[in-house]
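The values are calculated or read from the model by the stated rules, or taken from the named source; none is laboratory data. Since the structure is predicted, the reported quantities are computational estimates derived from the model, not experimental observations. So basically every Cβ, Gly included, is an ideal-geometry build from the backbone, and we count neighbours across all protein chains shown.
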């Protein structure tokens, strides 16, 4: 990512985080929804902030968790059905330079264990999540399998990030930077592992 894009995303992140105490849990729900349909919004940071404000009594912890969970689930479902019904649009998205690699990796990973991939891409490899949603729909992954992975995975994502914000309210900025970096590293490692597996299969053939 070039410097101008990084600065722009940083500005958006700061603006959204400043709005969390103003609009509360509803904003967190909207942000998690948008992140699950592949829009570049800082959902994890918003949940951390929500947890931090809940710790200080400015927001209700149950409300923050509920809004984040519902937003994430509806975003997952929107992405899945867009992949299922919007073939032409998904094909265009998959051909974009910034999206093609992630979409291809998502498709490759889903061929092995759809439930496990959906579950882990909600929280452990979260940068892959939106692309897994689209790919799962486009590939015809069973809705029940996808939904079960989505529900369980998003529950972990919400509990971890809102919980960290609650526990480390005074250091939420530092925790956010650490978790964002860790998520990127894990997603990169997952993509590398999938590529290595694909090459190994080709070599065997």
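Consider residue 19 carefully, then state whether it is at pLDDT 85 or above, closer than 25 Å to residue 131 by Cβ and assigned to a helix (DSSP H, G or I). Lay out the reasoning, then the answer.
On the way: at pLDDT 85 or above: yes; closer than 25 Å to residue 131 by Cβ: no; assigned to a helix (DSSP H, G or I): yes.
Criteria not met by residue 19.
In the stretch 22-38, which residues are under 17 Å from the mean Cα position of the chain (by Cα) and either closer than 16 Å to residue 63 by Cα or modelled with pLDDT under 90 (or both)? Break it down stepwise before answering.
Here is the first cut: in the stretch 22-38, the residues under 17 Å from the mean Cα position of the chain (by Cα) are 27-38.
Scanning the stretch 22-38 gives 27, 28, 29, 30, 31, 32, 33, 38.
Output the residues belonging to the stretch 107-127 that are under 27 Å from residue 158 (Cβ atoms) and not in a helix (DSSP H, G or I).
112, 113, 124, 125
So, of the residues in the stretch 55-94 that are in a loop (DSSP other than H, G, I, E, B) and touching a residue at least 24 places away in the same chain (Cβ under 8 Å), which turns out to be farthest from residue 171 (Cα to Cα)? Spell out the reasoning first.
Restricting attention to the stretch 55-94, the residues satisfying the condition of being in a loop (DSSP other than H, G, I, E, B) are 56-60, 86.
Checking the rest, the ones that are also touching a residue at least 24 places away in the same chain (Cβ under 8 Å) come to 56, 58-60.
Numbers: 56: 13, 58: 17, 59: 18, 60: 19 Å.
Only one residue tops the list, namely 60.
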Quiz item: Mind checking which pairs have a first residue in the stretch 106-124 that is closer than 15 Å to residue 140 by Cβ and a second that is assigned to a loop (DSSP other than H, G, I, E, B), Cβ under 7 Å, 6 or more apart or different chains?
Solution: 110/141; 114/141
Quiz prompt | Failed item, numbered, when residue 141 is tested on (1) part of a helix (DSSP H, G or I); (2) modelled with pLDDT of 90 or more; (3) touching a helix residue (DSSP H, G or I) at 6+ places or on another chain (Cβ under 6 Å); (4) farther than 13 Å from residue 76 by Cα | solution = (1)
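What residue, of 38, 104, 52, is in a helix (DSSP H, G or I) and either crowded, with 19+ Cβ neighbours inside 10 Å or in contact with a helix residue (DSSP H, G or I) (Cβ under 7 Å, 6 or more places away or on another chain) (or both)?
Working: 38 fails: in a helix (DSSP H, G or I); 104 fails: either crowded, with 19+ Cβ neighbours inside 10 Å or in contact with a helix residue (DSSP H, G or I) (Cβ under 7 Å, 6 or more places away or on another chain) (or both).
The unique qualifying residue is 52.
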